[in-house]
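Before any comments, here is the structure.
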Amino acid sequence: WPNSEKERIFENLKKRSIRAIEKERWKGIPAKDMEFDSGQIISVLGQNYSLEILTKDSGNVKASVIQEKIEIVIPEKQIEIKNEIVKRTVMKFFREKLKERIDNINNQYFHSILRETSIREASSRWGSCSSNNDIMISLRLLFMPLDIIDYVIVHELAHTKYRGHGVRFWQCVEKVMPEYKEKKEWLKKNGNSYPKLENKIEQKTIDDFCDEPY
């Protein structure tokens, strides 16, 4: 190719890279794998839960969230995909709680007409707002501190007023969350290190519990 064409392609790629960085889609540090085990303490939407993963010989996956415990029963043949099962469980059981939080912030500050709220295992963004005001929040974000979650919610709700990232958009965000720059910087530095998983204990089966005295 002639040099002029190579320079044009290079400049185009450079501009696209800059735009990606500005939109926070450029991840300098690879995202931490989500690996879950029984006995871990995980924080979801600002509340700590103990994760109990039990196994059984056969049947279907069963999951429940009761008070401060997430309990999942997995057939032995599906134990290799337990991480995916835990992620699906969190998305299923916490979507309504997330929607309630989004609605409360929207009703207090934005008064926009929203459509669907969804949680996805997004790899390129923490959230999004469609032209129809569908709000999507990244699964990974749910494990972060509540003030960081709120920042992303405010960010996406601001897009119901201003689609781009211009001056008026950031003024809108700042009006609701004056310290938003601190949250934004924290997310850049720490976001990919979540979820934080602690206090792992030995995994048990349903039979183990049957032998324990009560």
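The values are calculated or read from the model by the stated rules, or taken from the named source; none is laboratory data. A quick note: this is a predicted structure, and the numbers were derived from the prediction, not measured. Ideal geometry is used to build each Cβ from the backbone, glycine not excepted, and the neighbour counts take in all protein chains shown. What goes into the accessible areas is simple: the full protein's heavy atoms, side chains included, and nothing from ligands, DNA or RNA. Shrake-Rupley method; radii C 1.70, N 1.55, O 1.52, S 1.80 Å.
Residue-by-condition table, conditions (1) among the charged types (D, E, K, R); (2) modelled with pLDDT under 95; (3) open to solvent by 50 Å² or more (accessible area, probe 1.4 Å):
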residue: Y109; (1), (2), (3): no, no, yes
residue: I113; (1), (2), (3): no, no, yes
residue: I119; (1), (2), (3): no, no, no
residue: R125; (1), (2), (3): yes, yes, yes
residue: S128; (1), (2), (3): no, no, no
residue: D134; (1), (2), (3): yes, no, no
residue: M144; (1), (2), (3): no, no, no
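Could you check region 146-163 and list, in sequence order, the residues that are of a type in the set (F, W, Y) and crowded, with 16+ Cβ neighbours inside 10 Å? I'd like the intermediate steps shown before the answer.
Step one: list which residues in region 146-163 are of a type in the set (F, W, Y), which gives 151, 162.
Of everything in region 146-163, just one residue is of a type in the set (F, W, Y) and crowded, with 16+ Cβ neighbours inside 10 Å, namely Y151.
A residue that is at pLDDT 95 or above and more than 25 Å from D37 (Cα to Cα) occurs nowhere in region 74-85. S58 fulfils the conditions (1) open to solvent by 20 Å² or more (accessible area, probe 1.4 Å); (2) within 20 Å of P195 (Cα to Cα) except for a single criterion, (2).
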